[in-house]
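Report on the following structure.
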Amino acid sequence: MRLGRYELTLEPRPAPPAIFTALTAVVAILLALALSSFLFLSSHTRLIDAYRAVFSYAFFNPHGVLATVHRSIYLLFCTYAFLVPFRAGLWNIGLPGQVYAGGLAAFAVPFVLRAHDPQTLPLPPGLLIVLMIAAAAAAGAATGGFAGVLRAKLQVNEILVTMMLNSILFWLVAYMIKEGGPFMSATGEGESFGLPSSLHAPLLLGVPVTAALALGVAVLLDLLFAKTALGYRIRAFGENPAAARYGGIIPVALSLLVFLLGGAFAALAGYHYFAAVPGVYKIPGNYGYYGDLGFYGIIAALIARGSSLGAVPIVVLFAGLSVGARFAQGELRLPFGVDYALLGLLMMTFVASHVLYHFRFAWRRIPSEALQSVPTELPEG
Amino acid sequence: MSPPDLAPTEPILAARGITKRFPGVLALDHVDLEIQAGEIHAVLGQNGAGKTTLMNILFGLLQPDEGALYLREQRIRFRSPHDALARGIGMVHQTRRLVSAHTVLENIVLGHPRTRGFLNLRGARLEVEALCNRYGFTVPLGARVWQLSEGERQWVEILKALYRGARILILDEPTAALTPPEVKTLLAGLQTLVRDHGVTVLLVTHKLPIVMAVSHRVTVLRSGRVVARLRTADAAEEVLVQHMIGRDIAFRTTNRSAEMGRPLLQVEQLSAFNDKGLLALRGVSFSLREGEVLGVAGVTGNGQEELAQVLAGLRPAASGRVRLDGRDVTRLSPLQRWRMGVGYVPAERIEVASIAAFSLVENTALNYHFDPAFIRRGLLDNAALEQLTRRIVTTYNVKAPSQYARARHLSGGNLQKLILGRVLSRNPRLLIAHLPTQGLDVEAAAFVRATLVEATAEGAAVLLISEDLDEILTLSDWVAPIYEGRFGAIIPRTEADAETVGAMMAGLGMKEAGVR
């Protein structure tokens, strides 16, 4: 773009320093918060009160902090579910469907074993909980693997398949928990039966064990991609499938594997929210909300550039802001949907910061000779 | 076919004294070309002879450094293809330039000067239908281009040029992607266009049978110069081959011991389909002993890539059998073959043989991530990989800023040396080298060739696939010219000469389906 004697161009930035990465993230967050002021303007509170309400509830209020932690665990598993296939160059858009599959399978274990009555537990509760988690992971893996097989064997687009599976599983859950469905609660309010207290996930420091699992996986996944032969194969396939095949990697097996893993992670997110969060322990009628929330895992994985540990702070921020904004919405009578709007703004500023991370604006003074009109006649010959 | 009056009349289109230089290359050296109205004029030459450059100049895509174009003896200057089209010159490129999701009609009107602003598809349809009726074309105008066969797409391109008013058609390697029946239809159609409608056709090809079948006159290019200008009826095929190949190939025989090892690779009647589903490799048989080099000579696109890929396990064989050490490996995976000592250096260095975003060390791992010696408890042994990479970089003289530089920052020659070094570091017993020196500078190419010879000295069998006859004749023990998926013969090096091999590369002395 030319402005008088100056020219504004977008230039690639040579290797940005590490501190710059952190700095762009901070700027992106501040910018999103500044932009969200417009959302709060319509309410009759001072801006500073609105921000205080969001942050103090999300990160300091005991109830709020717990809600943030639970949501973070949920979002982290969703992030891994997207991240693993993504490193292989494949797009798992089936997070909601795999979340539902995990939830259904987790509740199928006590249902099939007739353990929803606390008096008649057929197996020790610890074993039952492990079975529930395993069943959830297996069901999610099967759902993800279905897309993986179609992709690998028949070159069916994985985005379409996973999207359609989302819809199928959404209605499958509806069938299971609504009028007359097998998992319907006794009171029949469009929810599943509640888990007996002996099947509640054990708590560590007040949070479910799934928290430890989620953080452990963050470390393991980064290690997998950086150090192991399997991680190398996944990355090679993601960067250049033809070269990976040349190097002996079997595309069918690899596509299937990453979708099995991804589906299993998403299903753990489903297990966590429906079967491990205190006060829930059932598939609630608004389960679709959690399915949709899973898509933020995609954003977190993309912003963290495929690093599972890098995704942790981003996920905590997403979780906190959505929890805090929902609280502030009720407390300060802010417009409906302010939590989603805040996440949306954050997403946009993060994406914009990515462009700035790789490129920079450069002002250049145009040399005066270049501004002179060039003779249009070509020389003789 | 009624040959037009071939007495030297005023040419409809002429190029005189055309010279074109690219950095470091003299692509065309004072080339003269004269085309008579109403003839099929063939421009024959090997890859790199300058055919496509000359056609691009005639079509206004390139400007000559010296010389000029004449249309009916009037000097003309094309600043762009628009100018050429305005003067009635149309071009059908070697690669299709159609929008596959659009209909045939939309493709034909796309970019036509009259379609600026509003699109009058109904009016255009009437015009194109009239054009089809006049020329006797049966092209489904409403069909989407992706639904058409390659032959039909070619007709769409021709129709597109005619719709723009072209009276002189330039066709660059028009038969390259066609099946034999499609070739037949195309050639018959071109003859009709010329005979009944006064269109002039300029046919650019390296396939001799096609030249012989349809052209009236032929101009032979070699290394950017016109070496012959003949009436096809007067031209013997052997003479054309001699012109095309040239006799000035210097033989530099390498001194290698004559006694060969035991048979390693046996290939029987091997056939394979290409990506378009056409049979590209049609029953190739040979055997190769340890320490031997079989040079497969041919112009790209005659089944060489399919042969290399089937042997490497990357493409299934349609029929036939491959034995390594007597064991049937036809159905083994690429990984199993790597483990059995098959090494493959593909022609596509960037697309297949390396990963641009990976470091040199990670690229080395591409042939080692499955090797137990480089894996410890599931972890890749980075120290060992680093050491190996350092050894490859030193031994093969790879110039790179560091081992952790990305492969995309390497020049073509250095990347090739890295790939070759990596494959050879596995001590393969069979090395498949496809166009190993293509695009390399003289020094790098010489290094690669020396490396191949060294590998055979250590007992490896080498399948060398190349377009460079000089390279093939220098390095091979056996020479197999390949044309349309078949070996013309397998000739011992001592009996192979450039003319025989060149003739077979151009399709002579072979049964040609579709043309003769």
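Within a 10 angstrom radius of the beta carbon, how do B:M244, A:M184 rank from fewest other beta carbons to most?
On the way: B:M244 24, A:M184 18.
In order of increasing Cβ crowding within 10 Å: A:M184, B:M244.
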In degrees from 0 to 90, rounded to the nearest 10, what is the angle of the helix A:251-271 Cα long axis to the longest principal axis of chain A?
-> 60
How high is the relative contact order of chain A, given as a whole-number percent (alpha carbon pairs under 8 Å, six or more residues apart)?
-> 35
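What translational diffusion coefficient, in µm²/s and rounded to a whole number, does the Stokes-Einstein relation yield for segment B:115-172 at 37 °C and a viscosity of 0.692 mPa s, taking the hydrodynamic radius as the Kirkwood radius over Cα pairs? Walk me through the numbers on the way to the answer.
Working: Rh = 12.4 Å.
Rounded to a whole number, D works out at 264 µm²/s.
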At a Cα cut-off below 17 Å, give the lysines reachable from A:K178, other chains included and same-chain residues fewer than 8 away excluded.
-> A:K282
Leading residue at positive end of dipole, segment B:358-426 (Cβ point charges), from B:L388, B:N367, B:A405 | B:A405
Rounded to one decimal in nm, the spacing of the 7 Å Cα→Cβ label points at A:I159 and B:S402 is 3.7
Could you work out, residue by residue across B:371-383, how many beta carbons of other chains sit within 10 Å of that residue's beta carbon, and then give the average as an integer?
-> 3
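May I ask you to sort B:H41, A:H44, B:H82 by Cβ crowding, counting other Cβ atoms within 10 Å and putting the fewest first? Before the final figure, lay out each step's value.
Details: B:H41 23, A:H44 7, B:H82 13.
Going from least to most buried by this count: A:H44, B:H82, B:H41.
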Taking other Cβ within 10 Å of each residue's Cβ, how do A:Y281, A:Y100, A:Y246, A:Y290 sort, fewest first?
-> A:Y281, A:Y290, A:Y246, A:Y100
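Give A:K227/B:K276; B:K51/B:K160; B:K51/B:K276; B:K20/B:K184; B:K160/B:K207; B:K276/B:K399 a once-over and call out the pairs whose C-alpha atoms are over 32 Å from each other. Intermediate results must be reported in sequence, preceding the final value.
Values: A:K227/B:K276 39 Å; B:K51/B:K160 23 Å; B:K51/B:K276 26 Å; B:K20/B:K184 34 Å; B:K160/B:K207 25 Å; B:K276/B:K399 38 Å.
Beyond 32 Å: A:K227/B:K276; B:K20/B:K184; B:K276/B:K399.
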Exposed GluC sites (Glu not before Pro) absent: longest stretch of chain A, with sites in DSSP loops and at most 15 other Cβ within 10 Å deemed exposed = A:190-376
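Counting pairs of alpha carbon atoms under 8 Å apart in space and at least six apart in sequence, what relative contact order in percent does chain B give? Show your work: numbers first, answer last.
Numbers: 995 pairs, mean separation 78.7, N = 516.
Rounded, it is 15 percent for chain B.
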Under the Kirkwood approximation applied to all pairs of distinct alpha-carbon atoms, what is the hydrodynamic radius of the protein assembly as shown in Å?
-> 32.6
Semi-axis lengths, Å, chain B, gyration tensor of Cα atoms, sqrt of 5 times eigenvalues = 44, 26, 23
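Using only atoms on other chains, find how many Cβ atoms lie within 10 Å of each Cβ of peptide B:333-342 and report the average.
Numbers: counts 3, 6, 5, 1, 1, 3, 1, 0, 0, 0.
Mean inter-chain Cβ contacts per residue within 10 Å come to 2.
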Length gained if A:L10 through A:V209 is fully extended, taking 0.36 nm per residue and subtracting the Cα-Cα distance, is 66.9 nm
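When Lys and Arg each count +1 and Asp and Glu each count -1, what net charge do the other residues less than 12 Å away from B:G439, Cβ to Cβ, add up to?
On the way: positive: B:R349; negative: B:E348, B:D441, B:E467, B:D468.
Net charge around B:G439: -3.
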Alpha carbon convex hull of segment A:109-179, volume per residue in cubic angstrom = 96
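Once you wrap a convex hull around the alpha carbon atoms of segment B:13-245, what is its projected area averaged over all directions, in nm²?
Details: hull surface 51.5 nm².
That works out to 12.9 nm², a quarter of the Cα hull's surface.
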Estimated 222 nm signal from helices in chain A, with DSSP H stretches of n ≥ 4 weighted -39500 (n - 2.57), rounded to 500 | -22000 deg cm²/dmol
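Okay, helix-only estimate at 222 nm for chain B: each DSSP H run of n ≥ 4 adds -39500 (n - 2.57), divide by all residues, round to 500 deg cm²/dmol; what do you get? Don't skip to the answer; put the middle values down first.
Values: 16 runs with 161 residues, N = 516.
Computed ellipticity for chain B at 222 nm equals -9000 deg cm²/dmol.
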Taking the alpha-carbon set of chain A, what are its Rg and Dmax in Å?
-> 24.7, 103
Any chance you could get the radius of gyration and Dmax over the Cα atoms of segment B:74-166, in Å?
-> 13.4, 43
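Each value in this text was obtained by applying a stated rule to the coordinates, not by laboratory testing. Keep in mind that this is a model prediction, so the values were computed, not measured. Don't worry about glycine lacking a Cβ; one is built from the backbone with ideal geometry, like all the others, and counts go over all protein chains shown.
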